[in-house]
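What follows is a set of notes on a single structure, which appears directly below.
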Amino acid sequence: MEPNLAYQAALYGVDYIGIVLAESSRNTVGPNQIHDIAAAAHEGGAQPVLTCVNHPVDSIIHLCTENNINIVQLHGDLVRRNHLLLPPTIARIYVYNIDSKGHIINNDSSLESALNPERDYILFDSVNLGSGQRIPLDNIHHKSSHFRFFIAGGINKNNAVQIIKSCQPYAIDLSTGAENKYGHKDLNKIREIVALVIDQQ
């Protein structure tokens, strides 16, 4: 995401701007882009979120410190295990991956117990990050009773309202559903979905 796009999305009412660090994702950004995107998100009134896929903890801490980022989204077994090593000043968005049958495939009670409901969040997502794949929603509530939680996976203007009514998440996480046919984030789609979400509040 370009800094100006992050800024405009924040002005439209987006509360969190993801900064993706994942080589497998077409939305990944380089280290030199992180500062500008994070600054633009802050300027527009949103929180930048460092989205990490099995990054070393020391690298995450460094990037957060250098770029004024206080929230990280944790994808992958390695980075989820190592969230215990992050300082308490960094909030975690701990990701549960849900398969096509609705089963949570990374269910580790020892890691969950170290999360802080007052600081941290849960994200329910598909197995493949950024795939746009919808997830079954049956097993969400019993895993999120103590946490604010996000829903991701194939959310767009056609299903956002239904998902919000069904699950009552803290927030929805948009990716492919806010992109144009070329795979770039589309401000018009972002604005349209934000308006639908606001109508449900």
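Among H103, V79, C167, flag the residue with its Cα farthest along the positive direction of the charge dipole of the range 76-201, charges on Cβ as +1 for Lys/Arg and -1 for Asp/Glu.
Positive-end residue among those listed: C167.
Run the simple label-point estimate for Q33 and S100 please: 7 Å along Cα→C-beta, distance reported in nm.
Label-label distance for Q33 and S100, simple model: 3.1 nm.
Using the crude model of +1 on Lys and Arg Cβ and -1 on Asp and Glu Cβ, and no other charge, please compute the dipole size for the chain relative to its Cα centre, in debye to 20. Walk me through the intermediate numbers first.
Working: 15 positive and 20 negative charges, 91 e Å.
Result for the chain is approximately 440 debye, rounded to the nearest 20.
Along the charge dipole of the chain, pointing to its positive end and built from +1/-1 on Cβ of Lys, Arg, Asp and Glu, which listed residue (F150, L63, Q133) has its Cα farthest out?
Working it through, the farthest residue towards the positive pole turns out to be Q133.
Looking at the chain, I'd like the Rg to Rh ratio, where Rg is from alpha-carbon atoms and Rh is Kirkwood's inverse mean 1/r. The partial results should precede the final answer.
On the way: Rg = 15.8 Å, Rh = 17.0 Å.
Dividing the radius of gyration by the Kirkwood radius yields 0.93.
Lys and Arg at +1, Asp and Glu at -1: add these up for the other residues within a Cβ distance under 11 Å of D120 and post the number.
Values: positive: R92, R119, R148; negative: E112, E118.
The answer is +1.
I want to check a number: in the chain, how many lysine pairs have alpha carbons closer than 22 Å, given a sequence separation of 8 or more or different chains?
Total qualifying Lys-Lys pairs in the chain comes to 9.
Solvent-accessible area per residue for the chain at a 1.4 Å probe radius, Å²? Each step should come with its number before you reach the end.
Numbers: 10090 Å² over 201 residues.
The answer is 50 Å² per residue.
Using 7 Å Cα-to-Cβ label points, what is the T65/L78 separation (nm, one decimal)?
Placing both labels 7 Å along Cα→Cβ, they lie 2.1 nm apart.
Given H placed on each backbone N at 1.01 Å, which residues far from V127 in sequence or on other chains put an amide H within less than 5 Å of it?
Those lying under 5 Å, H to H, from V127 are I98.
Tally up the carbon and sulfur contribution to the accessible surface of the chain as a whole percent, 1.4 Å probe, everything protein left in place.
47
Let me have the relative contact order for the chain, percent, based on Cα pairs under 8 Å that are six or more residues apart. Don't jump to the answer; show the numbers that get you there.
Details: 359 pairs, mean separation 29.9, N = 201.
Relative contact order of the chain: 15 percent.
The values are calculated or read from the model by the stated rules, or taken from the named source; none is laboratory data. All of these numbers come straight from a predicted model, not from anything done at the bench. No Cβ is skipped: glycine too gets one built from the backbone with ideal geometry, and neighbour counts run over all protein chains shown. SASA here: full protein model, heavy atoms, side chains in, ligands and nucleic acids out. Shrake-Rupley method; radii C 1.70, N 1.55, O 1.52, S 1.80 Å.
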